[in-house]
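Trainee: Here it is, the structure, as structure tokens.
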Amino acid sequence: MRKEENLISYLDWPLFISFLLMLIMGLATVYSVAYTPEDPSLFDLDKQYGKQSIWIGISLFLGLLVFLIDSDIYRKFAFPIYLSTLLLLVIVLFMPAINGARAWIGIGSMGIQPAEFSKIASSLLLAKYISELSLKQQTIASVSRAIAIILVPMILILLQPDAGTFVVFTSFLFVMYREGLTFDPLILSIINKVPGFRFKYTWVGSHFIPILFVILFLSILTLLLQQEETDFYFLPFKVSGSMYVIFSLIILSIIGIAFIRQFGSKRDRSRVSAVILLGLVLGGGLSYTVDAGFGSLAPHQKDRIELFLGLREDPNGKDYNRNRAMAAVGSGGFFGKGYNKASVSSVESNHVPESETDFIFCPFAEEWGFIGTLFLVALYLFMLIRIIFIAERQRSSFNRIYAYCVAMILFYHFAINIGMSIGFAPVIGIPLPFFSYGGSSMMSFSIMIFILLKLDSQRKDVLS
Amino acid sequence: MNFDARRYVLIFFIAIVGFSYIIRIFYMQVIDDKWKLRAQQIAEKRKEITPARAVIFDRNGMKIVSNRTYFNLMMVEDKIKNLDTAAFATLIGWTVEEVRNRFKEIVDGEGRYKNPNTGKRTANYQKIRAYPFIKELTLEEVSKIAPHLENFPGFYEEVTSMRNYPYLGGANILGYLSEVTREEVDADQFYKPGNNIGRSGIERFYEKDLRGRKGVKYVVTSALNNTIESYASGKFDTIAKQAEPLKLGMDMLIQAYGEKLLQNKKGSIVAIEPSSGEILAMVSAPSFDPNLLVGRRNIRMNYPKLVLDPNMPLFPRPLQAEYPPGSIFKLVQSLIALQEGVITPNSSFPCDKSLVGCHPGHHASNISEAVQFSCNPYYYAVMRRIIQQKLRKNSNIDAELGLNKWHKYMSSFGLGKVLETDVSGQRPGVIPNSKYYDKWYGHHQWAFSTIRSISIGQGEVKLTPLQMANIAAIIANKGWYYTPHFVKSIGSKGPLSNFKIRKKTMVGIKHFEPVIEGMRRVVNENGGTARSARLDEIVICGKTGTVQNPHGQDHSVFIAFAPKNNPKIAIAVFIENAGFGGTWAAPIASLVIEKYLNRKIKDKDKEKRIIEAKLSNLKEIPE
């Protein structure tokens, strides 16, 4: 009885409700996409929506089981769980290939994808490992072990091959960054071999991930805007792509400095302002360099990059999927075409391949328009930030690290999946959590969330 | 060390990605129309529906050109599974090799597309598209194939329509259809590759009246190009509309009868209703079954044969063959001379056979007798008076004036120029003027004596059978004509406006009487040259001609109109290498007239003799 009370009063309702909302929206979209007048029943097992209903049912049942099991088990059994998913990842390599990848264990539609579950297992083991680590004395061995925890499943997944999930595993690097894991021991061991070098600390080693993120983000943004050249009548020169980026950076910096002056402590003010100004100079320089560098590339190299970024079109060739997907999204307009009225991305019309799985964002955007997509993106952002909020209120670092793993995995899926439907990310097939049709992803994401909710509901029982 | 502040870095990353995605999506969905247009290109198709071509009726309401259902055997490569090529070849009656070649032909036939951006060449052929594997199968053929097609996924039959000619006549006039060329597609937006266009005859001249209005259907299609639903519930669709039928002045029974009479002969029959200028029949012999040129397969098989046939069945003789008219020309000569006042109806000239040969036993004491006896010396004298009117002392200059005046008269009879009828490709014939002879003999180097053979319709003068028939129509009308034409009405509209203009000759109405009297005598009086054309109850007025032919036997020609009062039909019959006009051309004309006016033939023997006659040195067609 005590447990039941605990559950209801300590359950994080905002996260749970946003999770349920996504399940409903997702199922509705799968239903609309795969709907045919002959099989109108939501529970028609011949259709994707029938099966998806079953998957959701199973997922909720598994969620209930997670609630009933003591939360301690995840930390205690993190390593066995991890090992068993590794075993499954090995077994799956001996299964027959479906669509060119050995990703499935089991037969037909009842198969599961171990890669989906390995994300949970790796999260748990990483949380356990880092939480027990002494962060003040990081050694080559400690860093290497942390890397090994994610690298072993990554390699097995790449053998399937499943490039999407492989990329998703890099989301753990964000978690390591948050926890203060530094690559310094590795980097220093190399750098200090150079005669005369005696570093104790490299800024790059501990801020590797945000630096990479910022560089990638600014480079892609610059390249995307590279073709835009606007002639403002009040300016004596043409405004090129990198100028947009630099201008945006300046505005962001001003906002950032104003923000820190208002709310930051005295010590922070000057320090953060200096960092922001340094970032502005470096970011602006990067953007300009990328712009100029791209301009000096050979035509065929430009071609390849432009194709990758969706700037150049090859609508019936390599760019087929993305082109169709973007047409579907763009055709939604402000208010959308209406529920069940997707003409480009319905399964029947089949212009957008995989519109019920990897490209599920397309029919949603087509049917609900900008109103719908705005709500969807906002809901995701809310969920991600809520998870980070939950993470930060944990007493146990195991709980916190696990929560960050969940947040970052979901963030990756969100960013890449929607990004590939709007031309912001390369087309690598990964599902949109809670939306895409598919049993393994539905179950693994649900379990992931339920474990988090369970850990969170018992956060006060934890002493340390 | 405390890393708690790093949470804000991560929150910042998440926020910046979410924020830029929202801006991007807003741009794609609300601001930029590019993706909406792209979606339209992808998923919405404009389907054109070509209506069946307008049908054509004859003057009595008989449907002489209609449409018949045909089938195309379509192929979608993407849907073909485990094709048993040998079994498929057997089913359609081809060899395996032929089936393979046809595949290749379809793929290659689509050509290649050069991407303007990358310069890459890609095949236009798409596996998901439907292509006609065999075109134009008849119902009979397809009914043997269709039941077995379920064993060959990827193949199916599709209905199409093509021309059908229930009566075998008029092939040269009606014309035929064939696929549009690339130039025609570029020139007229109406056409899409694969459409048919009128290639000759009435089909070509009235193309725009026959083709109708295309329907347009906007549909939402799948990636496999299947129609899913109609776009916007059909709000923007238009319905295909078949054009209204054409009604010809042609009498199909007479046309067919004429073709029957001319079997095993080379020649023409042209019959005109004088009061309207409508062409009742236009026979070109030898002819061919118009169904031989229906559809691509037939054309490919039969067209070369028809082209190579030494008897030239594709050659529309009534419009394009130019013959010296022979003695029928004397009618026009008489009229011009009377109008010019160089003779009177009672002028008499001796039958001086030293000038030109003539048949014995007559003396023409007036113009009617001159026509009746077809007296050659008489017309030498008449022509001399027309040409040499003694208006100038120099006989050469005098001849120039006279000839050009004569030429003007001829022009007013529609001779020496194209009669702009509604089947294109006519020849103008030849009516020489002074320039013509200047080229031959030099300026002022000729006079009547040089050119006298044109007096009796020999020498340089040339007419088409259509022009000959029009002379008969002019005389029947006593001095005017409508340009002969085929189409009586287009839907509810009448004929084209230029066929409603009454054209007057330069000869006054009174001058026709003595000539017509002569023509009556030709058929109805003893000593007339066309006694064989006489009918008991219909008074035919006619004139025979026997055209001297340096290359072989003389041509037999006869023009006539009937009945004498209130003429209903004017006719010209021209039989190549058949001898006297009175022997062949006249009885043929008489049969056509009788058939047209009485709808039956009294003298079955005459009919039989004509039908069975083999004339004109017709060549055996090598198989």
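Trainee: Would any residue of region B:149-168 have its amide N under 16 Å from a label point 7 Å out along Cα→Cβ of B:Thr69? List them or say none.
Mentor: B:157-164
Trainee: Sticking with this structure for a sec: How far apart, in nm, are two points set 7 Å out from the Cα along the Cα-to-Cβ line at B:Lys504 and at A:Val281?
Mentor: 10.5
Trainee: Pairs to check: B:Lys568/B:Lys608; B:Lys208/B:Lys241; B:Lys405/B:Lys568; B:Lys265/B:Lys568. Give those whose C-alpha atoms are more than 20 Å from each other in this structure.
Mentor: Check vs 20 Å cut-off fails for B:Lys568/B:Lys608; B:Lys405/B:Lys568; B:Lys265/B:Lys568.
Trainee: How large is ³J(HN,Hα), in whole Hz, for each residue of region B:91-98 in order, when computed from phi with the Karplus curve 6.51 cos²θ - 1.76 cosθ + 1.60 and θ = phi - 60°, using x for Gly and Pro?
Mentor: Computed from phi, the couplings for region B:91-98 are 4, 8, x, 10, 8, 4, 4, 4 Hz.
Trainee: What list of ³J(HN,Hα) values in whole Hz, one per residue of region A:30-37 in order, does the Karplus curve 6.51 cos²θ - 1.76 cosθ + 1.60 (θ = phi - 60°) give from phi, with Gly and Pro shown as x?
Mentor: Coupling constants for region A:30-37: 4, 4, 5, 5, 9, 4, 10, x Hz.
Trainee: Given contacts defined as C-alpha pairs under 8 Å and at least six residues apart, what's the relative contact order of chain B, whole-number percent?
Mentor: Rounded, it is 14 percent for chain B.
Trainee: Using a 7 Å offset from the Cα along the Cα-to-Cβ direction at both B:Phe236 and A:Val194, what is the distance between the two label points in nm, to one decimal?
Mentor: Modelled inter-label distance: 6.4 nm.
Trainee: Check which residues have an amide H placed less than 5 Å from A:Asn350's amide H, if you skip close sequence neighbours.
Mentor: B:Ala223
Trainee: A further question on this structure: Multiplying the sequence separation of B:His362 and B:Asp289 by 0.36 nm and subtracting their Cα-Cα distance, what value in nm do you get?
Mentor: Fully extending the segment from B:His362 to B:Asp289 adds 21.6 nm.
Trainee: Just want the ordering: B:Trp584, B:Trp440, from fewest to most Cβ atoms lying within 10 Å of their own Cβ.
Mentor: Ascending number of Cβ neighbours within 10 Å: B:Trp440, B:Trp584.
Trainee: Normalising by the residue count of chain A, find the relative contact order in percent from Cα pairs under 8 Å and 6+ residues apart.
Mentor: 23
Trainee: Still on this structure, I have one more. Taking only DSSP H segments of four or more residues, each worth -39500 (n - 2.57), what value at 222 nm results for chain B once the sum is divided by all its residues, to the nearest 500 deg cm²/dmol?
Mentor: For chain B, the value works out to -10000 deg cm²/dmol.
Trainee: First check a/c for region B:543-607, with a ≥ b ≥ c the square roots of the eigenvalues of its C-alpha gyration tensor; if it is under 1.5, answer rounded, and if not, answer prolate when a/b is larger than b/c or oblate otherwise.
Mentor: oblate
Trainee: Counting other C-beta atoms within 10 Å, which of B:His444, B:His359 has the fewest, and how do the rest follow?
Mentor: B:His359, B:His444
Trainee: Helix-only estimate, please: 222 nm mean residue ellipticity of chain A, summing -39500 (n - 2.57) across DSSP H runs of length 4 or more and dividing by its residues, to the nearest 500.
Mentor: Rounded to the nearest 500, it is -21500 deg cm²/dmol.
Trainee: Given charges of +1 on the Cβ of Lys and Arg and -1 on the Cβ of Asp and Glu, with all other atoms neutral, how large is the dipole of chain B about its Cα centre, in debye to the nearest 20?
Mentor: It works out to roughly 1200 debye.
Trainee: Ok, one more. Let me make sure I get this right: for region A:201-310, a, b and c are the square roots of the gyration tensor eigenvalues over alpha carbons, sorted descending. Under 1.5 in a/c it's rounded, otherwise prolate if a/b > b/c, else oblate. Which is it?
Mentor: oblate
Trainee: By count of other Cβ within 10 Å, fewest leading, how are B:Met252, B:Met506 ordered?
Mentor: Taking fewest neighbouring Cβ atoms as first place, the list is B:Met506, B:Met252.
Trainee: Estimate the FRET efficiency between A:Leu151 and A:Leu212 by the formula 1/(1 + (r/R0)^6), using the beta-carbon distance for r and 25 Å for R0, to the nearest 0.05.
Mentor: So, using R0 = 25 Å, E works out to roughly 0.90.
Trainee: Then there's this: Which ³J(HN,Hα) values in Hz, rounded to whole numbers, follow from the phi angles of region B:459-471 under the Karplus curve 6.51 cos²θ - 1.76 cosθ + 1.60, where θ = phi - 60° and Gly and Pro get x?
Mentor: x, 7, 5, 9, 10, 8, x, 4, 5, 4, 5, 5, 4
Trainee: Over all residues in A:343-356, what is the mean tally of Cβ atoms on other chains that come within 10 Å of each residue's Cβ?
Mentor: 4
Trainee: Loop only per DSSP, at most 16 neighbouring Cβ atoms within 10 Å: give me the trypsin sites (Lys or Arg not before Pro) in region A:340-399, ordered by residue number.
Mentor: A:Lys341, A:Arg393, A:Arg395
Trainee: Scan around B:Glu44 for amide H atoms under 5 Å from its own, H built in the peptide plane at 1.01 Å from N, and keep only partners 5 or more places away or cross-chain.
Mentor: Correct list: B:Thr221.
Trainee: Ok, one more. Go through B:Ile92, B:Asn565, B:Asn67 and say which Cα lies farthest out towards the positive end of the charge dipole of the protein assembly as shown; charges sit on Cβ, +1 for Lys and Arg, -1 for Asp and Glu.
Mentor: B:Asn565
Trainee: If R0 is 22 Å, what FRET efficiency do you get for A:Arg393 and A:Ile17 from their C-beta distance, rounded to 0.05?
Mentor: Computed FRET efficiency for A:Arg393 and A:Ile17 comes out at 0.75.
Trainee: Also, I was wondering about something else. Put a dot 7 Å past each Cα toward the Cβ at B:Trp440 and B:Ser143; how far apart are the dots in nm?
Mentor: Computed distance between label sites B:Ser143 and B:Trp440 equals 6.3 nm.
Trainee: Hey, another quick one. Would you please classify the overall shape of region B:273-416 from the alpha carbon gyration tensor, given that a ≥ b ≥ c denote the square roots of the eigenvalues, rounded means a/c under 1.5, and beyond that prolate means a/b larger than b/c while oblate covers the rest?
Mentor: Prolate is the answer for region B:273-416, as a/c is 1.5 or above and a/b outweighs b/c.
Trainee: Take chain A, drop everything but the C-alpha atoms, weight them equally and run the Debye formula without solvent; then report log10 I(q)/I(0) at 0.06, 0.09 Å⁻¹ to two decimals.
Mentor: After summing over all Cα pairs, the log10 values are -0.30, -0.70.
Trainee: Find the centroid of the Cα atoms in region B:507-547 and in region B:381-422, then give the distance between the two in whole Å.
Mentor: 25
Trainee: Fully extended, how many nm does the chain gain between A:Val239 and A:Leu135 (0.36 nm per residue separation, minus their Cα-Cα distance)?
Mentor: 32.7 nm
Trainee: Suppose R0 equals 51 Å; then what is the FRET efficiency for B:Asn394 and B:Glu420 from their Cβ-Cβ distance, rounded to the nearest 0.05?
Mentor: Plugging the Cβ-Cβ distance into 1/(1 + (r/R0)^6) gives 0.85.
Trainee: Further question: Give the aspartates and glutamates reachable from B:Lys435 as a straight Cα distance under 12 Å; neighbours fewer than 8 places away on the same chain don't count.
Mentor: Within the straight-line limit of under 12 Å, B:Lys435 reaches these aspartates and glutamates: B:Glu400.
Trainee: Determine the dipole magnitude for region A:201-310: charges of +1 sit on the beta-carbon of Lys and Arg, -1 on that of Asp and Glu, nothing else is charged, the reference point is the Cα centre, and the result goes in debye to the nearest 20.
Mentor: 660
Trainee: Then there's this: Add +1 for every Lys or Arg and -1 for every Asp or Glu among the other residues with Cβ under 13 Å from the Cβ of B:Tyr206, and state the total.
Mentor: +3
Trainee: Take the alpha-carbon centre of region B:308-378, take the same for region A:114-141, and report the distance between them in whole Å.
Mentor: 119
Trainee: Additional query: Given the C-alpha centroids of region A:341-408 and region B:175-216, what is the distance between them in whole angstrom?
Mentor: Rounded to whole Å, the Cα centres lie 55 Å apart.
Bear in mind that the values in this text are calculations on the coordinates, not laboratory data. Note that the coordinates shown come from a computational prediction; the quantities given were computed from them, not determined experimentally. Note that each Cβ is placed from the backbone with ideal geometry, even for glycine, and that neighbours are counted across all protein chains shown.
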